[in-house]
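**Student:** What follows is a single structure, and I will ask about it in a moment.
We did not get these values from a lab; they are worked out from the coordinates using the rules stated. All values derive from a computational prediction rather than experimental measurement. Reconstructed Cβ throughout: ideal geometry from the backbone, glycine too, with neighbour counts over all protein chains shown.
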Amino acid sequence: MTTSHTAAAAGHDDGHVHHHYTTTGLDHRKIAIWTFIGSECMLFASLISTYLIYKGRSIVGPFPHEAWTSETGQQFHAILDIPVTSASTFVLLMSSFAMVLALQAVQLRGTPLPANPTWWQRSQRSSQGWLLMTALLGATFLGFQAYEFTSFVHEGLTIKRNLFGSSFFTLTGFHGAHVTAGVLWLMTLLWIDRSRGLQGKNDELLVDICALYWHFVDVVWIAIFTLIYLIR
Amino acid sequence: MPKLRLRSAAPAFLLLAVLLTLSACGMNDYPNSTFNHTTDYNTAIDALWDRLLWWGTLVFIVVETVLVFTIIKFRKRPGGPEAKQIHGNAALEITWTVIPALILALIAIPTIKTIFETQAPAPAGSLRVQVIGHQWWWEFRYPDLGIVTANEVYVPVGRTISFELTTKDVLHSFWIPQMGGKRDLITNRTNYMWFTPSDTLKSSAWNGFCTEYCGASHANMRIRMYTVQPDEFESWARHQASPAVFNPLAPAPTPVVPANGRRAAAAPADTTPAPSSGYIFPADQLPAHVIPQTPIPAGITFDDALLAGGDATRGATQGFMLGGCIGCHAIGGVPGAVSTIGPNLTHVASRHTIASGLYRFDGPTLARWIKNARHLKPGAIMNTIGKGEYDPILKSTMTAGLDDRQIADVVAYLMSLK
Amino acid sequence: MATIAAPTHAGAADYGEQTGIWSWITTVDHKRIGTLYLWTALSFFLIGGLEAVIIRTQLMKPNMGFVSAETYNQLFTMHGTTMVFLAIMPLSAAFFNFLIPLQIGARDVAFPRLNAFSYWVYLLGGIFITVPILFQVAPDAGWFGYAPLTSPQFAPGPNIDFWVIGLQILGVSSLAAAFNFITTIINMRAPGMTLMRMPMFTWMSFVVQFLLVLAFPPITIALVFLLFDRFFGTTFYAIAAGADPLLWQHLFWVFGHPEVYILILPAFGLVSEVLPTFSKKPLFGYNVMVYSGIMIGFLGFGVWAHHMFAVGMGAIADSIFATMTMLIAIPTGVKIFNWIATLWAGEIRFTVPMKFAIALIAMFTIGGISGVMHSSAPADLQQTDTYFVVAHFHYVLFGGSIMGIFAGIYHYYPKMTGRLMSEKIGNWHFWLTFVGFNLTFFPMHFAGLLGMPRRIYQYDSGQGWDAFNLMSTYGTYLLVVATLFFVWNFVRSRKTGAIAGNDPWGAATLEWSIPSPPPEYNFAQIPEVASRYPLWDLKDPAKTAGIEHSHADSMTITDAHAVPVHEETERKTAKELGIPMPFPTAKPLFTAVGLVTMFCGLLFLRNDMFAVAMTITLTGAAMLIGGLYAWLTAPLE
């Protein structure tokens, strides 16, 4: 009967990671991020359901899609700005694309460049570049959100104003907080890449779970954009 | 072995308990029983309940008996048989999945039928009663009869009563156990419920309760419902719709100019309390369970001797204003007394209880209630009116307010509002 | 059942483990964390029980006047909150922690430090939500806090703030643990242990983790809305803005109904371990037991509005939820029958855990029957918000969950401590509990149907409820005595109980193949499992001849280092065996303190103490981020 376990245990590839046997062959963190995303689905489903339940039930305006005049004669126009939000949605979608490329760059790390590489083949390997691009596009989206929120407040829609304000700002605020957390995560990965370089199975996993989270946040935005902005 | 005897006795004992209790559920011993058939509503529900009880009892007996039998028969004994290594039995498992499914279907179908029957719109010609919940009292309005009253509700037998339920503050729930199921009062919503008291019911009084936790005095938010004969109800309703019978503050009636042009002298203001002219459920016929037994909490005193000398006119013209009562209570015909914050007092003396069914309506109780409602009913929104009384919510002693003599006047006034 | 060496009692020191308070504060060992959960949860169980004793004393007689309305309302709120969130759920967590890795043949959970974090957050959250009652500002809107009673308009004091924030804290603990256990069960099973070979406790716990992951977010959001209303003036439950109180109810019960399955399924799992062991035959219909557990979890998300039959959702909604509720009775009933069939033709030994397990079958049946009675919506309108429903849920939660948990405690105490609990004292505990429990709760069926509403601090005489209330109170006092016997047994047996050895009961699953208490590393060698009952395969092959077995060359899950199932009795340290152990660390505790501190800061917002609130929250945030950083950058082992 063997008594020594570690000697035969898979070696220390990078840093301190032991490759333990797993039932599925997947890393624990991969499975954990999916369970986390499962809970997040229910979180956003509850927020979106609340918005939809309260749709059309605010007693006072401003309202999302129609103009309103208050009892004192104050005029409010339809507050949602579809063209601007379409632009920010596009930016977020592009950030998911950048995220895919960032993951690919880490996966390509250590593989040799082909002879006479094109600019694209070179840029595909720039994990720092694509991580930065994802973070920048995410931050741009957040900039759009900040602009939108402040202009809404300016126009009379605050989180306290009515059911629309409360449910809208809470829902999009939670989403924005998730994007912010994602941007911070990306910056952390970028910092690690700059300091020691991201390479190998463990680092690919770190970028992979960040990518899963980022894509999820993007999909949630698609749902929000469709249900809140596009559908009247 | 003692444990086996107890175990085998258990299901038999429980069954016996169930049967005994069923037989004992007489109206007198259990005055809030949900099993009686006094309305179409509770008759329908009870029909469902009977099915549930019989199936439930059957399943109970079968399952518990098999369980007890099994643990006795297959207990480990010296020289007993070895355990049989059985892993499953498809036929058995299918059977005991299908049979419960069938039983449940036999429950589901009448359930759905009853749901639709009892939630259909109320029949035409129903008597509309609006129930508006407040912390911690009930406002009742009969919109077609022009009646606004509180805490005690009269309904005629043999006619469908259609309740429209809502609340001005938190959630409440309207339940008269002897009449039928409950229905919640939800803010910003109107709920509907109806039932028809059986026309064979003789005039009766019933207890009702708030059954959705609504804060400090949820336990004290009680209802009295009186199911009365149609002519009694007519009399009661006509009277309730009239303004206060005693009203020193009533504006003088416009003088009629007679044909000869000479104005008659203005009629003097009414200063004598008039007797009640509408039906109320006779006090001497009230069953014991609708008469509140709640003791007045210790720590409040009132000189009951003052009550005899209470002046109703003074109470109406001074006390009612000085005490701030007019700020919350409406009295029909009294100028300025139109607030709906508190119960309508136009005919308060036609009620048998006060504080939402918590205490009896009598002079001494009324005096103490006025003096310090919050002491008698936790959380009560009504101000502490007695001068020198400690207000448990504000946590301070009232320096202004009415003294006992003034309160006695107000009591006399209220007792005149029959 | 013969072991290789005569069992003697082993302590942590024998295995080269640390001892002393600091070792408990820095532990990341699932067994120790399970022990921490157990002791803490039992303490909260006693607190919740004390609250119940005061409640029942107040209700002993009409117009009793023992406590004020305000105190009573805090008591019944805290009794429910304590029992659900601080007692039963963490008692289940104690077993998840202690047992799951042992049952699946793993050395720990997937994320040991996250595991410790979950415990510390629970402890701090439990203290946070309990301490207010000492200052008479405990939550007082019921354990389910319906809006708008909880809104700032009707609950201006700090009571509800404690409730909202406390529950959010506890939610973090449960969610983190759920992520951990799902990953553990999916990814750390010993070779050969397919999902359909997992022990029933692990299976039921697996379903529960999914329920936690999916059910907690809706209540998190419901609480976020309430928190925002109270602290930031939003309008989610504000009457004047046209808010709908049913929003709270729907969100709460979408959580609340799966929550009751979270409360019962682990107890079901424990019963499914105990019954076969003491019947000396396998669980009847293992496959169906697994599928019915999954069905209950799944259907459990489709019945929530049966808590809302009185709110007026309309005939169609009422009918759908009534039918779905009846449907869920089927997989639940099937379990009862399968258990009885497990007992049938067995050789039943009436140990204390077996008594509790059988009691669960008997009592849960009653609770299940009253549950079906509730499912018929019109009938429920006479039952809901009365003592009939109080009877129902105590039969399923006490007669079900608590009985099952006691079965689990008596059954697994030897494994945890190396000593058996006293059967004699255990029998006193059992019988006093059984009688006391029925005396307390059976009369409530009658009180309810005879018109007694719930959540009332006083009732008048002459209503027909006096006798039932008196019986319930006497039963409660009997339960107090019963619990004292349990506490005595639990505490005393650690020093004086009979030595247990690996497998005192003759059980079937992997946790019984290693010493009691297990060494830090659990298994010196990861076992390779060939069937559902690995230990019976080893010790009593005749028992398992009838089920399928796999052989090494046909297994699809493999690990080169695993060896066939065997008994381990040697006492070597992890170092001697060359097994890398995770480093003990206080970082999870530090991070937990940071998180809870952030939440504490919120408390000061409503009193316009903005600067204080910000200071506390930012300090907490700094601790949280610092702790997380240190934690994530430190190696596990």
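**Student:** Mind running the shape call on segment C:22-159? Use the C-alpha gyration tensor, a ≥ b ≥ c as the square roots of the eigenvalues: rounded below 1.5 for a/c, prolate if a/b tops b/c, oblate otherwise.
**Tutor:** prolate
**Student:** Between B:Tyr154 and residues 5 or more places away or on another chain, which pairs have amide H atoms under 5 Å apart, with H built 1.01 Å from N, and which residues are they?
**Tutor:** Hits under the 5 Å cutoff: B:Tyr226.
**Student:** Using only Cα atoms, what is the ratio of the radius of gyration of the protein assembly as shown to 2.2 N^0.38 Å? Walk me through the numbers before you get to the answer.
**Tutor:** Values: Rg = 34.3 Å, N = 1287, 2.2 N^0.38 = 33.4 Å.
Relative to the rule-of-thumb radius for its length, the protein assembly as shown sits at 1.03.
**Student:** Further question on the same structure: Apply the Karplus parameterisation 6.51 cos²θ - 1.76 cosθ + 1.60, with θ equal to phi minus 60°, to every residue of segment B:370-382 and state each ³J(HN,Hα) to the nearest whole Hz, in sequence, with x for glycine and proline.
**Tutor:** 5, 4, 7, 4, 5, 6, 7, 9, x, x, 3, 7, 4
**Student:** Would you mind giving the mean number of other chain beta-carbons within 10 Å of the Cβ of each residue in C:459-469, as a whole number? Show your work: numbers first, answer last.
**Tutor:** Numbers: counts 3, 12, 5, 9, 10, 11, 2, 0, 1, 1, 0.
Taking the mean over all residues of the peptide, I get 5.
**Student:** Take every residue in peptide C:229-236, count the Cβ atoms of other chains within 10 Å of its Cβ, and give the average of those counts. Mind showing how you got there, number by number?
**Tutor:** On the way: counts 2, 0, 0, 5, 5, 11, 12, 6.
Averaged over the peptide's residues, the number is 5.
**Student:** If amide H atoms are built 1.01 Å from N in the plane of the peptide, which residues on other chains or at least 5 residues away come under 5 Å of the amide H of B:Trp136?
**Tutor:** So B:Trp136 has HN proximity to B:Ile381.
**Student:** Mind checking the log10 I(q)/I(0) for segment A:24-230 at q = 0.07, 0.14, 0.16 Å⁻¹? Debye, one equal scatterer per Cα, no solvent, two decimals.
**Tutor:** -0.28, -0.85, -1.02
**Student:** Kindly provide the helix-only [θ] at 222 nm of the protein assembly as shown, computed as the sum of -39,500 (n - 2.57) over DSSP H runs of four or more divided by all residues, to the nearest 500 deg cm²/dmol?
**Tutor:** After summing the helix terms and dividing by residue count, I get -17500 deg cm²/dmol.
**Student:** Right, another one. How far apart, in nm, are the 7 Å Cα→Cβ label points at C:Arg494 and C:Ala621?
**Tutor:** Going by the 7 Å Cα→Cβ label model, 4.1 nm.
**Student:** For B:Arg224, what charge total do you get from the other residues with a beta carbon under 10 Å from its beta carbon, if Lys and Arg give +1 and Asp and Glu give -1?
**Tutor:** Taking every Cβ under 10 Å from that of B:Arg224, the sum is +1.
**Student:** Too long at a 29 Å Cα-Cα cut-off: which of C:Lys281/C:Lys424; C:Lys495/C:Lys543; C:Lys31/C:Lys572; C:Lys31/C:Lys575; C:Lys355/C:Lys415?
**Tutor:** C:Lys495/C:Lys543
**Student:** A follow-up question, please. Place the peptides B:366-378, A:100-112, B:115-127 in order of packing, highest mean first, counting for every residue the other Cβ atoms within 10 Å and averaging per peptide.
**Tutor:** Output ranking for B:366-378, A:100-112, B:115-127: B:366-378, A:100-112, B:115-127.
**Student:** Enter the Cα centre distance for the pair segment C:421-454 and segment C:166-244, rounded to the nearest angstrom.
**Tutor:** Centre-to-centre distance over Cα atoms comes out at 31 Å.
**Student:** Going by average Cβ neighbours within 10 Å, how do the peptides B:288-298, A:46-56 rank, with the highest at the top?
**Tutor:** Ranking the peptides B:288-298, A:46-56 by packing returns A:46-56, B:288-298.
**Student:** Further question on the same structure: What do you get for GluC sites (Glu not before Pro) in segment C:428-534 restricted to DSSP loop and a cutoff of at most 13 other Cβ within 10 Å of the site's Cβ?
**Tutor:** none
**Student:** Still on this structure, I have one more. Local charge sum around C:Leu134 (other residues, Cβ-Cβ under 15 Å, Lys/Arg +1, Asp/Glu -1)?
**Tutor:** Around C:Leu134, the charge tally is -3.
**Student:** Under the 0.36 nm per residue contour assumption, what length would be gained going from the current alpha-carbon distance of A:His215 and A:Arg232 to full extension?
**Tutor:** Working: separation 17, 0.36 × 17 = 6.12 nm, distance 2.60 nm.
Length gained between A:His215 and A:Arg232: 3.5 nm.
**Student:** Here's something else I'd like to know. For C:Gln153 paired with B:Arg238, estimate the spin-label separation in nm (one decimal), with each label point 7 Å from Cα along the Cα-to-Cβ line.
**Tutor:** 4.1 nm
**Student:** Could I ask something else about it? Hey, rough spin-label estimate for C:Glu548 and B:Ser339, points 7 angstrom out along Cα→Cβ, what's it come to in nanometres?
**Tutor:** Label at C:Glu548, label at B:Ser339, 7.8 nm between them.
**Student:** By how many nm would the segment from C:Val435 to C:Ser461 grow when fully extended, if each residue of separation counts as 0.36 nm and the alpha-carbon distance is taken off?
**Tutor:** Numbers: separation 26, 0.36 × 26 = 9.36 nm, distance 2.71 nm.
Stretched out fully, the C:Val435 to C:Ser461 stretch lengthens by 6.7 nm.
**Student:** Still on this structure, please answer the following. If packing is taken as the average count of other Cβ atoms within 10 Å, what order do B:36-43, B:352-359, B:390-397 fall into, highest mean first?
**Tutor:** Working: B:36-43: 20.5, B:352-359: 23.8, B:390-397: 13.0.
Per-residue mean Cβ counts within 10 Å order the peptides as B:352-359, B:36-43, B:390-397.
**Student:** Could you compute the FRET efficiency for B:Leu102 and B:Ile61, with r as their C-beta to C-beta distance and R0 at 25 Å, rounded to 0.05?
**Tutor:** 0.90
**Student:** Once phi is turned into ³J(HN,Hα) by the Karplus curve 6.51 cos²θ - 1.76 cosθ + 1.60 with θ = phi - 60°, what whole-Hz value does each residue of segment C:49-64 show in order, with x for glycine and proline?
**Tutor:** Listing the rounded values in order: x, 4, 4, 5, 4, 5, 4, 5, 5, 4, 8, 4, 10, x, 6, 5 Hz.
**Student:** Using a Gaussian network for chain B with springs between C-alpha atoms less than 10 Å apart, which of these wobbles most: B:Ala408, B:Ala105, B:Ala150?
**Tutor:** Between B:Ala408, B:Ala105, B:Ala150, it is B:Ala105 that shows the largest mean-square fluctuation.
**Student:** Can you give the Rg to Rh ratio for chain B, taking only C-alpha atoms and Rh from Kirkwood?
**Tutor:** A ratio of 1.14.
**Student:** Counting only residues 5 or more places away or on other chains, whose amide H sits under 5 Å from the amide H of B:Trp175 once H atoms are built in the peptide plane?
**Tutor:** When sequence neighbours closer than 5 places are left aside, the close amide H contacts are B:Phe209, B:Thr211.
**Student:** Let me see the pair-distance distribution of chain C: every alpha carbon pair, 20 Å bin width, integer percents in order.
**Tutor:** Result, from short to long distances: 19, 54, 26, 2 percent.
**Student:** Further question: Given an 8 Å cut-off on Cα distances and at least 6 residues of separation, report the relative contact order of chain C as a percent.
**Tutor:** Working: 1070 pairs, mean separation 122.6, N = 637.
Once divided by the residue count of chain C, the mean separation gives 19 percent.
**Student:** Shielding by partners for B:202-210, please: the mean number of other protein chain Cβ atoms within 10 Å of each residue's Cβ.
**Tutor:** Details: counts 0, 0, 0, 0, 1, 4, 2, 9, 4.
If you average over the peptide's residues, the count of other-chain Cβ atoms is 2.
**Student:** If you don't mind, there's one more thing I want to ask. Please work out the Cα center distance from segment B:304-352 to segment C:285-331, rounded to the nearest Å.
**Tutor:** Answer, in whole Å: 53.
**Student:** State the Cα centre-to-centre distance between segment C:492-518 and segment C:249-278 in whole Å.
**Tutor:** Cα centres, segment C:492-518 to segment C:249-278: 26 Å.
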